[in-house]
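Chemist: One structure coming up, written as structure tokens, with questions to follow.
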Amino acid sequence: MELKLYLKMLQRGWWIVALTTLLAVNIALVASYIATPLYRASAKFIISPSSEIAIGRDVITSLEALDKRSIISTYAEFLNSRMVYLEALSVLSLEPGDLSEYQFSTVVLPDANIIELAVLGPDPDLAALLTNTIGNHAIENIGQLYRAYDISFLDSASFSPLPVSPQPVRDTSLAFVLGLMGGSALAILSEQIRIPLEGYRLRLRQDSTTGVYNQRYFRKLLEDELAQHSDDTLSIGIVDIGGLSESLEALPLIAVQHVLLRVTDVLRRELRGNDIIGRWSDASFIVMLPSTPGVAAQRTFSRIFQALSLPLKLEQYSVVLNLNPYIGGSVYSNNITSQELLNQAEAAVERARRDNADQIYVWEMNKPFWSEN
């Protein structure tokens with residue numbers, strides 16, 4: 001189940017994955033293009049008992065001593081010592097400042113009496129020359145101090161035609177994989193951040209009981225609609241549930257919520273997909289009908305009225321509630337403001353409450369407060 005959720009997150013955030021991967025590959029290509037090529041030269045040295053040691057028990061003892069690795073580590077420090085390094089530079093007529101771009105390393109190979117000396121730098125010939133020169137001076141110094149063991153070249157350093165870095169194919173492939181992984185992580189993270197934010201924004205817009213828009217957000221939607229379609233026709237209607245208003249204090253909260261949800265279901269069933277529903281007060285709703293003239297709005301309000309006129313049974317409380325709806329609408333025209341439109345709708349529903357003959361009234365500029373009766 002979680003895997004499907006993550007796959008959906010990746011599907012929604014595919015552009016983040018693609019953008020991150022493309023960015024990583026581009027950075028790798030640019031870095032490979034502008035980076036200075038570095039070449040690696042390495043030499044291997046073998047340590048063995050000296051030929052001066054007598055054949056027999058002394059040789060066995062010397063080999064056992066080599067197994068303790070302390071002698072090999074000491075020889076490795078010679079290869080890595082600054083004294084040997086400076087002597088090699090002196091022979092090559094170089095100064096330490098001339099080799100600021102070069103790196104030196106010495107490694108004792110595991111399970112072997114072999115040491116590897118490596119030099120990394122921008123000139124493959126000089127890297128090989130440095131490696132061999134340092135190796136020769138280390139062998140010379142060690143030979144003067146330690147006679148029990150010999151150190152000699154196993155493999156000398158040679159010219160390397162291929163740089164160890166940058167390697168565009170390797171670096172680009174690695175950047176692609178890392179970009180894909182990083183982009184996927186960002187896509188999932190952005191979805192995890194977005195979902196709580198969307199939920200929070202939704203709670204700010206919606207009525208907690210019915211799930212329709214609250215009054216504050218409905219006002220904003222109405223203002224936006226009039227601003228964007230000032231030349232279009234639009235109608236609004238306030239649906240007041242008179243029976244609920246009279247019973248608010250008598251009914252339990254759960255019963256009130258049940259009534260509000262039933263009214264919400266009726267409104268959604270009777271309205272079109274682009275119509276908007278809002279909660280206007282404790283016992284009233286408001287609807288916005290875009291591109292709807294007064295006559296069409298009156299017919300819609302009549303359908304809503306008929307649906308809400310049926311008695312509502314609250315079986316768990318053994319109560320039959322007459323919703324007794326009143327509907328007041330207003331039609332937008334002559335560039336009136338959203339507040340003026342709302343004021344006329346409230347006046348229309350107030351008139352519907354006072355009129356026993358008709359419980360639906362619609363205000364229009366050229367025909368104030370009319371109904372079909």
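Each reported figure results from applying straightforward, stated rules to the coordinates on display, with no laboratory input. Quick caveat, the model's predicted, so the values are computed rather than measured. Heads up, the Cβs are rebuilt from the backbone with ideal geometry, glycines too, and the neighbour counts pull from every protein chain shown.
Chemist: Counting Lys and Arg as +1 and Asp and Glu as -1, each charge on the Cβ, what is the dipole of the chain about the Cα centre in debye, to the nearest 20? Numbers along the way, then the final one.
Modeler: Values: 30 positive and 41 negative charges, 293 e Å.
About 1400 debye.
Chemist: Let me ask another. If you build a Gaussian network model of the chain, linking Cα atoms that sit under 10 Å apart, which residue out of Q103, Q167, Q359 swings the most?
Modeler: Its mean-square fluctuation being the largest, the pick is Q103.
Chemist: Output the 0 to 90 degree angle, nearest 10, between the alpha-carbon long axis of helix 338-354 and the longest principal axis computed from the alpha carbons of the chain.
Modeler: Roughly 40 degrees, rounded to the nearest 10.
Chemist: Going toward the positive end of the dipole of the chain, with +1 on Lys and Arg Cβ and -1 on Asp and Glu Cβ, which of A175, G13, S165 do you reach last?
Modeler: G13
Chemist: Here is a further query. Sum up the charges of everything whose Cβ sits under 12 Å from the Cβ of G237, counting Lys and Arg as +1 and Asp and Glu as -1, but leave G237 out. Could the numbers behind the result be given before it?
Modeler: Details: positive: R299, R303; negative: D240, E270, D275, E346.
The answer is -2.
Chemist: Could you order the peptides 213-222, 106-115 from most to least packed, using the average number of other C-beta atoms within 10 Å per residue?
Modeler: Numbers: 213-222: 17.0, 106-115: 14.9.
Ranked from most to least packed, the peptides come out as 213-222, 106-115.
Chemist: A follow-up question, please. Please work out which option in (i) 59; (ii) 51; (iii) 71 gives percent of Cα pairs over 26 Å apart calculated from these coordinates, and answer with its label.
Modeler: Matching the structure shown: (iii).
Chemist: So what's the gap between the Cα centers of region 14-39 and region 145-187, to the nearest angstrom?
Modeler: About 18 Å separates the Cα centre of region 14-39 from the one of region 145-187.
Chemist: If you don't mind, there's one more thing I want to ask. Note down the magnitude of the dipole of region 208-363 about its Cα centre, charges +1 on Lys and Arg C-beta and -1 on Asp and Glu C-beta and zero elsewhere, to the nearest 20 debye. Intermediate results must be reported in sequence, preceding the final value.
Modeler: Numbers: 14 positive and 18 negative charges, 70 e Å.
Rounded to the nearest 20 debye, it is 340 debye.
Chemist: Taking θ = phi - 60°, what integer Hz values does the Karplus form 6.51 cos²θ - 1.76 cosθ + 1.60 yield along region 252-258, in sequence order, with x for Gly and Pro?
Modeler: In residue order, the calculated couplings are x, 4, 5, 6, 4, 4, 4 Hz.
Chemist: Further question on the same structure: Picking from S152, Q228, V108, whose Cα lies most toward the positive end of the charge dipole for the chain (charges on Cβ: Lys, Arg +1; Asp, Glu -1)?
Modeler: Working it through, the farthest residue towards the positive pole turns out to be Q228.
Chemist: Between region 231-257 and region 309-361, what's the alpha-carbon centroid distance in Å?
Modeler: Here the two parts' Cα centres lie 8 Å apart.
Chemist: Here is a further query. Using each residue's phi in region 99-110, evaluate 6.51 cos²θ - 1.76 cosθ + 1.60 at θ = phi - 60° and report the 3J(HN,Hα) Karplus result to the nearest Hz, with x for Gly and Pro.
Modeler: Couplings: 10, 5, 8, 9, 10, 10, 8, 10, 10, 8, 5, x Hz.
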